[in-house]
Amino acid sequence: MTTLDMTGENAGTGRSKSLFTADKRTAARNAAERRFRAYGVVAITLAILALVWLLISIFSTGLPAFKQTFIDIPVTLDAAVLDKAGHGNPDEMASVSTIGYGKLIAKALSAEIAARGIDTGKMKPRDVAEMISEESAATLRNMVLANPKLLGSTIQFPALANGRIDGYFKGRVTMATAALDKNTSPEKLALADRLVAAGMMQTRLNLGFLTMPDASDQRPEAAGLGVAILGSLYMMFIVLVLALPIGVAASVYLEEFAPKNRWTDLIEVNISNLAAVPSIVYGILGLAIFINFGGLPRSTAIVGGLVLALMTLPRIIIPTRAALKAVPPSIRDAALGVGASRLQTVMHHVLPLAMPGVLTGTIIGLAQALGETAPLLLIGMVAFVRDFPKAPPMGLLDPASALPVQIFNWTQRGDPGFVERASGAIIVLLVFLIVMNTAAIILRRKYERRW
Amino acid sequence: MKDLRLERDVRTETNKIEARGVQVYYGTNHALKDVDVDILDKTVTAFIGPSGCGKSTFLRCLNRMNDTVASAKVQGKITLEGEDIYDPRVDPVQLRAKIGMVFQKPNPFPKSIYDNVAYGPKIHGLTRNKAELDEVVESCLRKAALWNEVKDRLTAPGTGLSGGQQQRLCIARAIATSPEVLLMDEPCSALDPIATAQVEELIDELRSQFSVVIVTHSMQQAARVSQKTAFFHLGHLVEYGETGTIFTNPKDPRTESYITGRIG
Amino acid sequence: MSLGLLCLILLGLAAAAFFLGRQRAMAAAGGDVRRLHSLPGFYGQITALAVIVPAFAVLVVWLLAEGFVIQSSALSHIDVADVPAGSDVSLVMADVTRLARGLATLAANGTDVEALSHDPVALKTALGAAGVAMGNDPTPAMIDAAKAVRTTAAQSRLGLSVVTLALALAGLGWALVRIKPEFRARNATETVAMGLLIGASLIAVLTTVGIVLSMLSETIHFFGIYPATKFFLSATWTPRFGGGSDLGIWPLVWGTVYVSVIALIVAVPIGLLSAIYLSEYASRRVRGIVKPLIEILAGIPTIVYGLFALITVGPLLRDWIAVPMGFGNSSSSVMTAGLVMGIMVIPFVSSLSDDIINAVPQSLRDGSLGLGATPSETIRKVVLPAALPGIVGAVLLAASRAIGETMIVVLGAGAAARLSLNPFDAMTTVTVKIVSQLTGDTEFNSPETLVAFALGLTLFTLTLGLNILALVIVRKYREQYE
């Protein structure tokens, strides 16, 4: 064998003899090493900064939605105006429309301002009245109709302030923008400042954002998430009831009983593809199958729930199968060894042991379904829905909204007050998701077994 | 198989590596206790001992491969030609270019045979042009006794070779960086007897240029290829000396019982 | 009988059947459980299953078929020649359905429907008063058709109740007759249960079949009224709901590809480098903190990213880059949508690449480090080439995700279909147009609506192809190291 002495002939020119002195090339290579590491750090920093930026953007715009400006006015509910028949019968009182209540509130506001000696400048009484949200008349009317005994008494009524006034205290509206805005004026804002100084007007916590229904385009101050949250709950209920049992049953069959052949291979590939199909395709499916073919009404919780259930199914099957696979065969052998049937083995031993994994997967699948928007748009869920759906089961056939579509709906409105509402709704959605994902993590930490 | 002990001649007595008081901890586990060894130049030194005795751990200390294990901690002093390899000024990259390593399982890169061998010279910048690189690849493959088998398919993937060929490819790859010391961690444990014989023969030839340290669990192999042998047991270096002496006239009773098959 | 009540009765019958079956088994065994082949509960179960499974199966099939039967009974009253010009049968049928619903409301209010039905004008007024608005005056033929709808529906419901209840009772009788101590109730129950399990796993297949068939049939319908060559070859997209639309797919495909490419340019380097740093350099602690943080990005709903694009990123890009540099003044643009989508896709790339990089055997890294390579040389020259097929698969999956993404582009990219190279122009994508053509009140017979199904099918085919390709590549890659 030839021995070619390489060390003499081919050794690198700059190679250092001593270990203690780094040669030029090694120094360059180490610099490249540091650069490469820095790229990694930069990439991670960018990813985390993007997350932080996103959250800050949403929270800074959205948090004000949980506060609202109210004008506290003592309103005398004059029976002569509100109940002309004088029987205290809500059906008869309903003939007084919101316009009547609006006048009552406007009068009460003027009276209170005069009583406190607050200067309204050159503002006409009509302009003063415009500081109150048109929604508050409806709120007062509902209050009275629900409780006719209030007639004749004087109540301290927290009237919602107009969206622009509210925006002024949240920094969305300034004197400069108000001068250009036909919906408000610098005078109104100045009066609002004086009302705050007098203690009549206050920006405070507004739980109505979570309970009230949606409001029309001009009244962002009154828009709430009540209907949307209820709609989302209905749909999550349908998803849970349908996707969990079907998903578990399918996983048990595929993992424990199915023969390994081309047919089950096809089902496997099919399921992993279904998990990656764009969600909007499920919307098209729902529109074509459930609405056009099945004749179910549009925009209802039942159709939304069915579509989301189909979408969630593969996302439950995949983790469930993984959980079943993780149960060691020795458990099955033990049960089969004492004469249990295969189905009994699965039902009594394997499935209970896999349950934490199944539930974790289900919760994460539900969380994804909760935030899904696109398929719901296609089944007509963008419609403006103000009425709370009835109780299930019939309420599932009522027009419903859902958190993500409500957010989308608000982004499509003209009034800038709805941007705040949409961001606030996202905070609510994110809180739900955080709770669900935390539950999943706790479940996994607590019950996860390592075999 | 040819008994290489008959041809043994130790040409030089220069110390290449000196280890003094080496301790290794993996977390709380004290894996290596107070090891002193001198490794001679142009000599094959074998580390033998039962599984888990610390022989591989010590080998990985010699080129600081333990640095890649987060929980490992090395104490004591190891010098290469008088320079402490754990000195903070030492760049492990430069060190590993001088002390090459061949692993237990053949691990050719998923690249062509040529690229496998050329990898070291390329990253260390050992050649000026393609012609020189070609020359290095050829000479290393020749030294690894692989040239005749692969010269017609240098662009074929290295992973497509047989186990013995893969291991010789890894040896060629290691010597292509022209190291001064070659560490071999049970290089034949994944090979069949014929491939083992070829690799052993190769080791004996490599001795003319490098100092070779080989970890083996096979006493026959140690006896066949090495001039010096160190016996490790439970993290201690029990006995170190001429291979002939260790195998025919061990001083320590533990060495004797291992060699006669009582510790295994 | 309402559907809910029918279901409740069936469930009640099943519960009763369980106890009857169990009792009968115990009686047959003379009270000695040991003489039975199976535990008494299984006899109860098989009886309950015999009651409920056939009845519910018929119920589901019946409800699916009901629509067709009712439609055809109504259609028999409509003469195609009577359909006014400018309308078609499906529009008339929609009126008939509305009319039938109105008649039901009137009947529920106690109005004499029979008397009204001879007077179309009075009927229309009465319907208006009941809150059912009719577009056209109902013709006598339509009224007949509507009445036919009502009677057929009523008959169908009655028939359904009778048939399912009869089936349930027959099932009960069959099971009770068969119960003897030697009857293998457990095996029978398990056979039925296995059938149910198989049925559940078939739903996944049926979903795919449903997706393909529903989109395919409407797409064929679309190509029947709009030439396929124009759809696939035209470079303009100008839908007009009055007719005469130009529905070329290319501007949409261009927008989709442009947005996705920008998203991948953002996500692939960031995701891949993060994955490399986390798997090769980061300490366990850093990894434990950073990895979940990045994965939060994957858990955020897309509507949130959409709003982020709309209110933050869009205006920012417009005010700081597009306007000062003269690229236009649109806040929704390909760049906005692409950038935000890129952020969304980062965790897909990083977690998939992380898995793939970790699958590269440690021995390869040792081999390279042992030759004196630096960690970055090891990664660039050994680990990444070895992981390349897997990473390509991950990028394909991310691309499929980006192509199918809807909300970010709806809120961030704009609605204008145009073929432009300027990334700060508003453009539109396939998904945006599916949403805009299918939301709102639409009748399913105009090409402007039906085109959405053709777009959906295109999208489905494209993403399916990418997914399968990615799956095959990743699977091959994993086999290599197993």
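The values are calculated or read from the model by the stated rules, or taken from the named source; none is laboratory data. Values in this document were obtained by computation on a predicted structure and should not be read as measured data. We place every Cβ from the backbone using ideal geometry, glycine too, and count neighbours over all the protein chains shown. Side chains are part of the model used for accessible areas, which takes the heavy atoms of the whole protein and leaves out ligands, DNA and RNA. Shrake-Rupley method; radii C 1.70, N 1.55, O 1.52, S 1.80 Å.
One line per residue, one yes/no per condition, for (1) part of a loop (DSSP other than H, G, I, E, B); (2) at pLDDT 90 or above; (3) among the small types (Gly, Ala, Ser):
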{"residue": "A:Leu49", "(1), (2), (3)": "no, yes, no"}
{"residue": "A:Ser57", "(1), (2), (3)": "no, yes, yes"}
{"residue": "A:Leu63", "(1), (2), (3)": "no, yes, no"}
{"residue": "A:Asp91", "(1), (2), (3)": "no, no, no"}
{"residue": "A:Tyr101", "(1), (2), (3)": "no, no, no"}
{"residue": "A:Leu104", "(1), (2), (3)": "no, no, no"}
{"residue": "A:Ala115", "(1), (2), (3)": "no, no, yes"}
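Are any residues in segment A:65-96 in contact (Cβ under 8 Å) with a residue 12 or more places away in the chain and not hydrophobic (A, V, I, L, M, F, W, C), and if so, which ones?
Across segment A:65-96, the qualifying residues are A:Lys67, A:Gln68, A:Thr69, A:Asp72, A:Pro74, A:Thr76, A:Asp78, A:Asp83, A:Lys84, A:Gly88, A:Asn89, A:Pro90.
Listed here are the residues, each with its yes/no results for (1) open to solvent by 40 Å² or more (accessible area, probe 1.4 Å); (2) in contact with a His (Cβ under 9 Å, 6 or more places away or on another chain); (3) among the charged types (D, E, K, R); (4) modelled with pLDDT of 90 or more.
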site	(1), (2), (3), (4)
B:Ile171	no, no, no, yes
B:Asp192	yes, no, yes, no
B:Ala195	no, no, no, no
B:Ser208	yes, no, no, no
B:Val212	no, no, no, yes
B:Thr216	no, no, no, yes
B:Ala230	no, no, no, yes
B:Gly241	no, no, no, yes
B:Tyr258	no, yes, no, no
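Which condition does A:Arg262 not pass, out of (1) among the basic types (Lys, Arg); (2) farther than 25 Å from C:Ile403 by Cβ; (3) touching a residue at least 40 places away in the same chain (Cβ under 8 Å), if it passes all the others?
(3)
On the given criteria, is A:Pro399 free of Cβ contacts under 8 Å to residues at least 60 places away in the same chain and either crowded, with 22+ Cβ neighbours inside 10 Å or more than 10 Å from chain C (Cβ to nearest Cβ) (or both)?
no
Of the numbered conditions (1) facing another protein chain (nearest Cβ under 7 Å); (2) not in a helix (DSSP H, G or I), B:Pro106 satisfies every one except a single condition; which is it?
(1)
Looking at segment C:25-43 only, could you name the residues that are part of a helix (DSSP H, G or I) and surrounded by 20 or more Cβ atoms within 10 Å (Cβ to Cβ)?
C:Ala25, C:Phe42, C:Tyr43
Which count do you get for residues in segment A:128-149 that are of a type in the set (D, E, K, R) and closer than 21 Å to A:Lys182 by Cβ?
Of the residues in segment A:128-149, 3 are of a type in the set (D, E, K, R) and closer than 21 Å to A:Lys182 by Cβ.
Just to verify a result, which residue in segment A:231-248, among those that are under 24 Å from A:Gln412 (Cα atoms) and surrounded by 22 or more Cβ atoms within 10 Å (Cβ to Cβ), is nearest to the other protein chains (Cβ to nearest Cβ)?
A:Ser232
With outside the structural domain of C:Ile391 (by TED's automatic domain parsing), closer than 28 Å to C:Pro423 by Cβ and in contact (Cβ under 8 Å) with a residue 12 or more places away in the chain as the only criterion, which of C:Phe232, C:Phe223 stands out?
Exactly one of C:Phe232, C:Phe223 is outside the structural domain of C:Ile391 (by TED's automatic domain parsing), closer than 28 Å to C:Pro423 by Cβ and in contact (Cβ under 8 Å) with a residue 12 or more places away in the chain, namely C:Phe232.
Taking segment B:44-55, which residues are surrounded by fewer than 20 Cβ atoms within 10 Å (Cβ to Cβ) and in contact with a strand residue (DSSP E or B) (Cβ under 8 Å, 6 or more places away or on another chain)?
B:Pro50
I'd like the residue in segment A:62-85 that is open to solvent by 10 Å² or more (accessible area, probe 1.4 Å) and touching a strand residue (DSSP E or B) at 6+ places or on another chain (Cβ under 7 Å) and, out of all such residues, is farthest from A:Asn206 (Cα to Cα).
For segment A:62-85, the residue satisfying everything is A:Thr76.
Among the residues of segment A:318-341, count how many are of a type in the set (S, T, N, Q) and either in contact (Cβ under 8 Å) with a residue 60 or more places away in the chain or part of a helix (DSSP H, G or I) (or both).
2
Of all the residues that make up segment C:129-139, how many are surrounded by 12 or more Cβ atoms within 10 Å (Cβ to Cβ) and either within 12 Å of C:Arg98 (Cα to Cα) or modelled with pLDDT of 75 or more (or both)?
So the answer is 5.
When you scan segment A:165-181, do you find a residue that is in contact (Cβ under 8 Å) with a residue 24 or more places away in the chain and polar (S, T, N, Q), even just one?
Looking for residues that are in contact (Cβ under 8 Å) with a residue 24 or more places away in the chain and polar (S, T, N, Q), one finds none in segment A:165-181, hence no.
Of everything in segment B:135-190, what is of a type in the set (Gly, Ala, Ser), within 12 Å of another protein chain (Cβ to nearest Cβ), part of a helix (DSSP H, G or I) and touching a residue at least 12 places away in the same chain (Cβ under 8 Å)? Give them in sequence order.
Once the filter is applied, which keeps residues that are of a type in the set (Gly, Ala, Ser), within 12 Å of another protein chain (Cβ to nearest Cβ), part of a helix (DSSP H, G or I) and touching a residue at least 12 places away in the same chain (Cβ under 8 Å), segment B:135-190 yields B:Gly158, B:Ala172, B:Ala174.
Where in segment A:117-226 are there helices (runs of 4 or more DSSP H), lying wholly inside it, with at least 1 residues that are aromatic (Phe, Trp, Tyr) and in contact with a Gly (Cβ under 7 Å, 6 or more places away or on another chain)?
A:208-211
Among helices (runs of 4 or more DSSP H) lying entirely in segment C:304-372, which contain 1 or more residues that are within 14 Å of chain B (Cβ to nearest Cβ), touching a Gly at 6+ places or on another chain (Cβ under 9 Å) and not β-branched (Val, Ile, Thr)?
So the answer is C:362-370.
Out of the residues in segment B:197-206 meeting the condition of being of a type in the set (D, E, K, R) and closer than 27 Å to B:Glu81 by Cβ, tell me which one is least open to solvent (accessible area, probe 1.4 Å).
B:Asp204
Within segment C:446-482, count every residue that is surrounded by 17 or more Cβ atoms within 10 Å (Cβ to Cβ), of a type in the set (Gly, Ala, Ser) and under 26 Å from A:Glu268 (Cα atoms).
Number of matching residues: 2.
Specify the residue that is most open to solvent (accessible area, probe 1.4 Å); the eligible residues are those in segment B:72-101 that are more than 8 Å from chain C (Cβ to nearest Cβ) and among the hydrophobic types (A, V, I, L, M, F, W, C).
B:Val74
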